[in-house]
Structures are given as C-alpha cells and as structure tokens.
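**Student:** Starting off with a structure, shown below.
The values are calculated or read from the model by the stated rules, or taken from the named source; none is laboratory data. All values derive from a computational prediction rather than experimental measurement. With ideal geometry, Cβ positions are generated from the backbone for all residues, glycine too; neighbour counts draw on all protein chains shown. Accessible surface areas use protein heavy atoms only, side chains included; no ligands, DNA or RNA. Shrake-Rupley method; radii C 1.70, N 1.55, O 1.52, S 1.80 Å.
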Amino acid sequence: MSRRWIQNLNRCSDKYLDGIEDFIEFALRNGMIETYSIWNLYGEQLDHASSSNATRMDSVEPIVDPNDQVMDIIEDVFPFASTNINHEREDDVPTPIDSAEFEQYEKLLKNANQELYPGCESFSVLTAIVELMHGKIKYRMSNLCFDYFLGVFKRMLSTDNCLPKDHKHTQKVLNGLGLGYEKIHACKNNCMLFYKEHETLDTCLICNESRFKMTSQNRTTKIPQKVMRYLPLKPRLQRLYMSTHTATDMRWHKEKWVNDNAMRHPADGEAWKEFDRTFPEFAADPRNVRLGLPLTDSICMGF
C-alpha cells in the first residue's frame, strides 16, 4: 500500500485521513490488530468505532460572528468590565480597576465598536485588524509584505476608512490585549544583555564591543548592534485562564483525563506522574501549569 499520506503535513486533509483508514483496514485484514476505536483530540472515545462514521475535523466550520468573537476576547482579557457592568445585587462588590488597564480597555472597546468605514456592518476596526493579523501569522507574511497589502486594502476602501496604515500602527491597536514583547539590547558577540543594572552601559563588560552601530553624527537616534525580544511567559499563561474557552482545556488533564494505559497526552507519561507524586500539593490544583523544557535531561517545571 502507498505510504505517501504519511508525508502530508496537513493532518486534517482528506488524503491523510483516507491514508489512516486504509492502513487500519490493511492491519485488520492481515491480523496485525484485532480492534480499534476512534478518539478525538483530547483522547475521549467517540460513539462510533468505524472511522467512516466519525466527523472529520476539517468538515466542521462553526459559524461565528467575527465582531462577537472580538468582543468575547475583550471580555476575556478584561473580566472586570463585564463583572462590574453586570453585577445586580446590592451586596456585590465591584472589581477594583487599574486606571491604565481601564484606559486600554476603553481604547479596544472604541475600536471594537467603530465601523471600518461609514456604513460597514461586517467589520469593526478591531475585527478587521484581528483578521488581517491572523492571516499574517498563518501565512507567515513579512512585515514588509503585510504593509504592502495593508496599503492596497486601504486604497481600495473609501477615503474615510479607519484601517491602520502599516504594521506598526496595527500593533499599537493590539497592544491592549497584553501580548506584546520587550526589546532588550544585547552584545554583538552574545556576551551580555544591557538590562537592569547594565541598562545604561554603552560598551560590553566582557569584550568591550560597542552597544550601538556606528552611524552618522547627525543621526539623533542610536541603533543597537543586536536586540533580543523578550516575551514574558507569566501573562501568556494567565491569558489561557482568562478565556472561558481555553480555561477548560487547561484543566483537561485533571478533569477529563482517561486512565486506560494509552499514550495520547503528556499526562499519560511517567514524567508527568512522577512529578505529581513528588509535588502532591501542586498536582492537587488542576489550574497549575507544567512546562517541559527540551534539555539534555528532561525537566518538568511547575507554575
């Protein structure tokens, strides 16, 4: 039988799924396996054992209003908004709100309610930005390519449209979602970071290499030799619990895990189980997160 389906990177394509079915039929015919079951992404057994009766992932396209989806994202990121607005009882205590955080919320809410252009009901400014950025990431567009198409789209729309003019301005709108990054200057030879107590230095303490590139004396801004982009981990983990959709998935290993001696999830592995035995108090709370680091010796860290 042909094995080309194994090389198909799209695990949801018809060719890949047909290849799995052909392989299982071949194995059953030749006595390699006796029975099999179909499992979904989370290791839960489906009602039908025949793969022909299983619903394929790529055939299910839920119809979701993008504007409603964006509003859900804002409410997930700023849960205080819906909590304070919807509290009905007199004894309810409003959630304390940080002024800077509330300002970000108001900016996002304004862009979520503002039409992309007068009379546009399908897209708000924020919805359009989210859709475009999703496409940029999905199809691996460079910033230059993104700027080009964004400029083309902006010229196609009416002159009074509110679409950002480039990637930089698009990022500014999305900064309120809290998934930005911090730029930290680094030594050209990777000796050190110009960070914290070394933030004001202009030369490397190890190799004496200049922190900045040699530029014209008339240039007012300095260009660093190398920049490291630091993506804080903690807010990204917290964000997974801000969303009602992903919070359930984050607790799956505790609340819906199936103990049947099959290996489908890290929770089935011995490293996970050993970690639980070593740190029972940590393991007791399903919201705690384990991080696996790809080092020479496997390490499991809990947060």
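**Student:** So residue 122 clears everything in (1) open to solvent by less than 80 Å² (accessible area, probe 1.4 Å); (2) in a loop (DSSP other than H, G, I, E, B); (3) farther than 14 Å from residue 69 by Cα except one condition, right? Which one?
**Tutor:** (3)
**Student:** Kindly indicate whether residue 168 is surrounded by fewer than 11 Cβ atoms within 10 Å (Cβ to Cβ) and basic (Lys, Arg).
**Tutor:** In short, yes.
**Student:** Would you call residue 138 open to solvent by 30 Å² or more (accessible area, probe 1.4 Å), touching a Lys or Arg at 6+ places or on another chain (Cβ under 7 Å) and either without any contact (Cβ under 8 Å) to a residue 40 or more places away in the chain or more than 16 Å from residue 74 (Cβ to Cβ) (or both)?
**Tutor:** So residue 138 does not fit the description; no.
For every residue, the table says whether it meets (1) touching a residue at least 24 places away in the same chain (Cβ under 8 Å); (2) in a helix (DSSP H, G or I); (3) under 21 Å from the mean Cα position of the chain (by Cα).
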position	(1), (2), (3)
117	yes, no, no
126	yes, yes, yes
144	no, yes, no
149	no, yes, no
160	yes, no, no
163	yes, no, no
170	yes, yes, yes
173	yes, yes, yes
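**Student:** In addition: Determine, yes or no, whether residue 213 is among the basic types (Lys, Arg), over 28 Å from residue 176 (Cα atoms), at pLDDT 80 or above and surrounded by 13 or more Cβ atoms within 10 Å (Cβ to Cβ).
**Tutor:** So residue 213 does not fit the description; no.
**Student:** Now, a different point. Go through (1) among the hydrophobic types (A, V, I, L, M, F, W, C); (2) at pLDDT 50 or above; (3) open to solvent by 70 Å² or more (accessible area, probe 1.4 Å) and name the single condition residue 12 misses.
**Tutor:** Evaluating residue 12 over (1) among the hydrophobic types (A, V, I, L, M, F, W, C); (2) at pLDDT 50 or above; (3) open to solvent by 70 Å² or more (accessible area, probe 1.4 Å) leaves (3) as the failure.
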